[in-house]
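Everything on this sheet refers to the single structure shown next.
The values are calculated or read from the model by the stated rules, or taken from the named source; none is laboratory data. Because the structure is a prediction, the values reported are computed rather than measured. Every residue, glycine as well, gets a Cβ built from its backbone with ideal geometry; the counts of neighbours run over all protein chains shown.
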Amino acid sequence: MIKLEHISKVYPGSDQHAVENLDLEIESGSTVTMIGPSGCGKTTTMRMINRLETPTSGRVLVDDHDIAHVDPKALRRTIGYVIQQVGLFPHMTIEKNIATVPRLLGWERAKTERRVDELLDLVGLDPDVMRKRLPHELSGGQRQRVGFARALAADPDIMLMDEPFGAIDPITRVRLQDEFRQILHKVSKTVVIVTHDLDEAIKMGDRIAIMRDGHLLQYDTPEAILANPANDFVDSFLGQDRAIKRLALINVSQMMEPPRNIGATRSVSLEANLHVALSLILAERLDGLDIVGADGGRVGYLPRERILSAQHEATEA
Amino acid sequence: MIVTDAITWILDNHSAFMVAFNRHMLMCAISLGLAALISIPTGFMVARSPRAAFVSVNTAGSLRSIPSLAILAATMPFLGIGLLPSLVALVVLAVPPLLLNTILGIREIDPAVLNAAKGMGMGRREILWQIELPLAMPSIITGVRTSAIQVIGGAALASFIGGGGLGDFVNAGIALMNMPRLLVGALPIALLAIVAEVLFGWLERRFTQKR
């Protein structure tokens, strides 16, 4: 568990708080997305967890240990760190880049090599092709995959990710978000993601921390925040279409009815969310959609009215 | 034909030529080495502070704007004649390009690379040896190349204060109005400069290709 207690940060030469009296608890194994306008203190707050920033006052506890008493270098080697610009070392091969922290920790060569191959596989890159390549030979998406693998190299319990998808084209971004979320879930890390993309915050976060002017305005699950914004700022930050955004959090399987005998004209997979389903229904003026399982067989039917009433049912449930 | 005369002279006076040639190379190597020892660490120390970099680059630059002959002449009253004053003058000549290019090389490193290095738990020393130095290397070699060419030409002037080297032949050639003798000094100096240019240019490309 990561615990921030009464954290404040004032940069030298500034009379304003970058972060002011902030309390935040992040449960082990969960993902928290931090979001807010630029200058709200989200990145500063995240960088205090691996001591890239030092709080002016307050404590940061990782598993009940005050990290102010831990050597910063040793601490950082146990925390994965991913940044928007990736920051791969341009003069080192992909293999050597990924092996950075194992090398700092003095791992044996054979163990490091095995780990590098395992990680390349995990992030969907072919080890035989990639091992000896240099960063400039990779696409932006591939580079962020390597950056992600490099952060995971020594199997840290905590991952800090500063706008990890910010510099990636929209199509690749969605794919990477899905893949990274799956991987992070599988390896059960405690994850902090800083983002300025609300959809990303909703999609990736078990909980969302909304910040403004160094203050934490609301800290809750995406469902709860979209249903009950804490104040006017959060409400306007979420946008007037927040009801539609909520649909993205509800899976079609939660709302579907038993399959009908006659197939509808369109179908969606069991993993799709109501946002996707509604979009299809609107685009093609349908009354409802078939829900199909992995084998393509119909497993349910989702009528339009169920989507329209989903918000209220989900809130009551 | 004065060129063939010059070559014949070199063959006939092989040992005299080699003494001067070796002396020339020695002056170049020592002064380049000293300049590197001064400039590269200084560059690393000042590169991150704009003010310190400004001061050191300009100090070195204004020292360099003094003509080499004037520096040689100025060192003579203090250091006498011979190798030492020549080396001092050559180091002054070699420092500015090396210092400037070291600073540029470090400044050009992507801040994200350093942020990632620090965030993964690299210390000052690891960042210096594993990240900053290799990444600044192509630029440092550019500096070495420029300095080497300066020093090879500059060393010809050492002859005026008894530093020896290939400049002795040039001076003798002028004094005696002996054109072949003049070329005995001038041709190898020109060749050395070209070889340095090609060699360091190749090294620079080799280091740059690695990214």
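One table, with the values for the structure above:
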{"item": "Members of segment A:76-85 that are touching a Gly at 6+ places or on another chain (Cβ under 8 Å) and facing another protein chain (nearest Cβ under 7 Å)", "result": "A:Arg76, A:Arg77, A:Tyr81, A:Ile83"}
{"item": "Any hit, segment A:36-55, residues being of a type outside the set (Lys, Arg), closer than 24 Å to A:Leu216 by Cα and more than 23 Å from the chain's Cα centre (by Cα)", "result": "yes"}
{"item": "Among the residues listed as A:Ser269, A:Ser279, the single one being free of Cβ contacts under 8 Å to residues at least 12 places away in the same chain and within 24 Å of A:Ile202 (Cα to Cα)", "result": "A:Ser279"}
{"item": "Residue ID - farthest from A:Pro156 (Cα to Cα), chosen from residues in segment A:63-93 that are of a type in the set (A, V, I, L, M) and over 20 Å from the mean Cα position of the chain (by Cα)", "result": "A:Met92"}
{"item": "Number of positions in segment B:111-145 that are closer than 22 Å to B:Ala36 by Cβ and either in contact with a Phe, Trp or Tyr (Cβ under 6 Å, 6 or more places away or on another chain) or crowded, with 19+ Cβ neighbours inside 10 Å (or both)", "result": "14"}
{"item": "Number of positions in segment B:61-84 that are under 19 Å from the mean Cα position of the chain (by Cα), within 13 Å of B:Ser159 (Cα to Cα) and aliphatic (A, V, I, L, M)", "result": "4"}
{"item": "Test for A:His196: is it in contact with a Gly (Cβ under 8 Å, 6 or more places away or on another chain), at negative phi and surrounded by fewer than 18 Cβ atoms within 10 Å (Cβ to Cβ)", "result": "yes"}
{"item": "Helices (runs of 4 or more DSSP H) lying entirely in segment B:70-183 (those with 1 or more residues that are more than 14 Å from chain A (Cβ to nearest Cβ), touching a residue at least 12 places away in the same chain (Cβ under 8 Å) and among the aromatic types (Phe, Trp, Tyr))", "result": "B:167-176"}
{"item": "Enumeration of residues in segment A:55-90 that are more than 18 Å from A:Lys189 (Cβ to Cβ) and buried (at least 20 other Cβ atoms within 10 Å of the Cβ)", "result": "A:Pro55, A:Val86, A:Gly87, A:Leu88, A:Phe89"}
{"item": "Hey, A:Arg114 closer than 22 Å to A:Ser188 by Cα and either assigned to a helix (DSSP H, G or I) or touching a Pro at 6+ places or on another chain (Cβ under 9 Å) (or both) or not", "result": "yes"}
{"item": "Residue in segment A:122-140 that is more than 8 Å from every other protein chain (Cβ to nearest Cβ), touching a Ser or Thr at 6+ places or on another chain (Cβ under 7 Å) and buried (at least 20 other Cβ atoms within 10 Å of the Cβ) present", "result": "no"}
{"item": "Sole residue being at pLDDT 95 or above, within 23 Å of A:Leu184 (Cα to Cα) and in the same structural domain as A:Ser30 (by TED's automatic domain parsing), chosen from A:Leu122, A:Leu105", "result": "A:Leu105"}
{"item": "Scope segment A:92-121; condition over 21 Å from A:Ala167 (Cα atoms) and within 14 Å of chain B (Cβ to nearest Cβ); matching residues", "result": "A:Met92, A:Thr93, A:Lys96, A:Ala99, A:Thr100, A:Val101, A:Pro102, A:Arg103, A:Leu104, A:Leu105, A:Gly106, A:Trp107"}
{"item": "Residue among A:Ile262, A:Ile225 that is of a type in the set (Val, Ile, Thr) and in the same structural domain as A:Val292 (by TED's automatic domain parsing)", "result": "A:Ile262"}
{"item": "Residue among B:Ile174, B:Ile152, B:Ile194 that is among the aliphatic types (A, V, I, L, M), buried (at least 19 other Cβ atoms within 10 Å of the Cβ) and on the phi < 0 side of the Ramachandran plot", "result": "B:Ile152"}
{"item": "Residues of segment A:92-121 satisfying the condition of being surrounded by fewer than 19 Cβ atoms within 10 Å (Cβ to Cβ) and farther than 16 Å from A:Phe148 by Cα", "result": "A:Arg103, A:Leu105, A:Gly106, A:Trp107, A:Glu108, A:Arg109, A:Ala110, A:Lys111, A:Glu113, A:Arg114"}
{"item": "Qualifying positions in segment A:179-193 - small (Gly, Ala, Ser) and surrounded by 20 or more Cβ atoms within 10 Å (Cβ to Cβ)", "result": "none"}
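Residue-by-condition table, conditions (1) among the hydrophobic types (A, V, I, L, M, F, W, C); (2) touching a Leu at 6+ places or on another chain (Cβ under 9 Å); (3) surrounded by 13 or more Cβ atoms within 10 Å (Cβ to Cβ); (4) farther than 19 Å from B:Val88 by Cα:
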{"site": "B:Asp12", "(1), (2), (3), (4)": "no, no, no, yes"}
{"site": "B:Phe21", "(1), (2), (3), (4)": "yes, yes, yes, yes"}
{"site": "B:Ala36", "(1), (2), (3), (4)": "yes, yes, yes, no"}
{"site": "B:Pro41", "(1), (2), (3), (4)": "no, no, no, no"}
{"site": "B:Ala52", "(1), (2), (3), (4)": "yes, no, yes, yes"}
{"site": "B:Val55", "(1), (2), (3), (4)": "yes, no, no, yes"}
{"site": "B:Ser62", "(1), (2), (3), (4)": "no, no, no, no"}
